[in-house]
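J.: Please read through the structure below; I'll follow up with questions.
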Amino acid sequence: MTVQLRLRDASRRCPKRMVYGPCGGVGADGGCEVPGIRCSFAADPDLLHTLDVSAADVAAPESAEPSGDALPLSPRRTAAAAFATRVSEGLLVTADLPVRSADAGVLAEAGARLAGLTAVIAGEPPGLRASLSPTHKALVLGGAGATVIAGITCRDRNRVAIEGELAALADLGVAGVLAVTGDHPASTALPHAQPVFDLDSTRVAALARRAGLFVAVAEQPAAPPIDYRPVRLALKARAGAELAILNLCGDLSDLVRFAGALAATGGAIPSSPRCP
């Protein structure tokens, strides 16, 4: 079986239908975050180093262009440009939004308290608990004075819905998005929810840049296959990612090793550890 066929088979067997290698939910034993199965990519890690980003992955069908159904290529938005400048200067203090609530008043209070930070990362609840949409949360938090990086996951939306959220967030004037694939419902408190996973975070990063937004992504340096994690982040950078949020699950020496391996790929990207 050729390399491409083996990669396609691994993607087909993955519960999230990942294309650019395994998600960050791989256990130390190579187990998938979905109980009872093994990661289809971690079993054959040598394959992963043949992956590359293709523009065709996010290219809309030709028929969608004249109809206006394709996400248009937009210039860099003002807020995104300002945030990119702050990142390039190294002046970056962010916080995950610690509120999982559909109550706009609670979100507004959190936004006001965190307004002094470089940005509030308004991700989506991994446990599928009640939450407002990314655009609605960004509207509430921005109104409270916070600079917003809105979380976009692939778990619950197909490409059409994701492109709609990106267009709305760009129109709203958010600084950017955090593109993540998302937890599989089988590993959450609501396993009966239907997963979508039409895209993965690498392709969403490319779409978000197309919309004129600043793009952050997440990476898990300690998840197997460890040697592939810097390569995977470099692929996201080539797709359009400009900032990496690293899940800190090890010693400082692990981050130093990861940074060195990332630099060796030629895909350098500013990174910020996510501390508990």
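J.: Of all accessible surface on the stretch 139-222 at a 1.4 Å probe, what whole percent is carbon and sulfur? Write down the numbers at each step before the final one.
T.: Working: 1340 of 2570 Å².
Accessible surface attributable to carbon and sulfur in the stretch 139-222 totals 52 percent.
J.: Using the heavy atoms of the protein chains and a 1.4 angstrom probe, tell me the accessible area per residue for the chain in square angstrom. Mind dumping the intermediate values first?
T.: Numbers: 12570 Å² over 276 residues.
So the chain comes to 46 Å² accessible per residue, rounded to a whole number.
J.: What is the local net charge at Leu213, summed over the other residues whose Cβ is closer than 11 Å to its Cβ (Lys, Arg +1; Asp, Glu -1)? Could the numbers behind the result be given before it?
T.: Numbers: positive: Arg76, Arg77, Arg209, Arg210; negative: Glu165, Asp171, Glu242.
So the environment of Leu213 carries a net charge of +1.
J.: Report, in degrees rounded to the nearest 10, the 0 to 90 angle that the Cα long axis of helix 134-143 makes with the longest principal axis of the chain.
T.: Approximately 40 degrees, to the nearest ten.
J.: Taking Cα pairs under 8 Å and at least six residues apart, what relative contact order does the stretch 1-48 come out at, in percent?
T.: On the way: 43 pairs, mean separation 18.1, N = 48.
Computed over the stretch 1-48, the figure is 38 percent.
J.: Relative contact order for the chain: what is it in percent, counting Cα pairs under 8 Å that are at least 6 residues apart?
T.: Values: 499 pairs, mean separation 50.4, N = 276.
Here the relative contact order equals 18 percent.
J.: First select every other residue whose beta carbon is under 14 angstrom from the beta carbon of Gly260; then total the charges, Lys and Arg +1, Asp and Glu -1. Walk me through the intermediate numbers first.
T.: Details: positive: Arg229, Arg257; negative: Asp227, Asp254.
Here the count lands on 0.
J.: In whole Å, what are the extents of the chain along the principal axes defined by its C-alpha atoms, from largest to smallest?
T.: Projected onto the principal axes, the Cα atoms of the chain cover 53, 51, 41 Å.
J.: If you don't mind, another one. With a 1.4 Å probe and all protein chains in place, put Thr85, Thr188 in order of accessible area, largest first.
T.: Values: Thr85 70, Thr188 25 Å².
Largest to smallest exposure gives the sequence Thr85, Thr188.
J.: By average Cβ neighbour count within 10 Å, what is the ranking of 192-204, 232-244 from highest down?
T.: For the peptides 192-204, 232-244, the packing ranking is 232-244, 192-204.
J.: Check which residues have an amide H placed less than 5 Å from Gly212's amide H, if you skip close sequence neighbours.
T.: Ser74
J.: Using alpha-carbon pairs under 8 Å, 6+ residues apart, how would you state the relative contact order of the stretch 122-216 in percent? Intermediate results must be reported in sequence, preceding the final value.
T.: Values: 157 pairs, mean separation 29.9, N = 95.
Once normalised by length, the contact order is 31 percent.
J.: Next question, about the same structure. Nearest 10 degrees is fine. How inclined is helix 252-265 to the longest principal axis of the chain, computing both from alpha carbons?
T.: Roughly 80 degrees, rounded to the nearest 10.
J.: Enter the per residue convex hull volume of the stretch 1-53, computed from alpha-carbon coordinates, in Å³ rounded to the nearest integer. Walk me through the numbers before you get to the answer.
T.: Numbers: hull volume 4.2 nm³, N = 53.
It is 80 Å³ per residue.
J.: Taking 0.36 nm per residue of separation and subtracting the Cα-Cα distance, what length does fully extending Leu91 through Asn247 add?
T.: On the way: separation 156, 0.36 × 156 = 56.16 nm, distance 1.94 nm.
The span from Leu91 to Asn247 would gain 54.2 nm if fully extended.
J.: Could you work out how much longer the chain between Ala60 and Ala264 gets when fully extended? Use 0.36 nm per residue separation minus the Cα distance between them, nm to one decimal. Spell out each step's value before the answer.
T.: Details: separation 204, 0.36 × 204 = 73.44 nm, distance 3.27 nm.
Value of the extension gain: 70.2 nm.
J.: Under 13 Å from the Cβ of Ser133, count the other residues' Cβ atoms, weight Lys and Arg +1, Asp and Glu -1, and hand me the total.
T.: Working: positive: Lys137, Arg157; negative: Glu124, Asp156, Glu165.
Surrounding charge for Ser133 is -1.
J.: Can I ask one more? Where the only charges are on Cβ atoms (+1 Lys, Arg; -1 Asp, Glu), what is the dipole of the chain about its Cα centre, to the nearest 20 debye? Write down the numbers at each step before the final one.
T.: Values: 26 positive and 27 negative charges, 5 e Å.
Using only the charged Cβ atoms, the result is roughly 20 debye.
J.: Ok, one more. So what's the angle, to the nearest 10 degrees on a 0 to 90 scale, between helix 104-113 and the longest Cα principal axis of the chain?
T.: Tilt of helix 104-113: around 90 degrees.
The values are calculated or read from the model by the stated rules, or taken from the named source; none is laboratory data. All figures in this text were calculated on a predicted structure; none of them were measured in a lab. Don't worry about glycine lacking a Cβ; one is built from the backbone with ideal geometry, like all the others, and counts go over all protein chains shown. The area values use the complete protein model at the heavy-atom level, side chains included, leaving out ligands, DNA and RNA. Shrake-Rupley method; radii C 1.70, N 1.55, O 1.52, S 1.80 Å.
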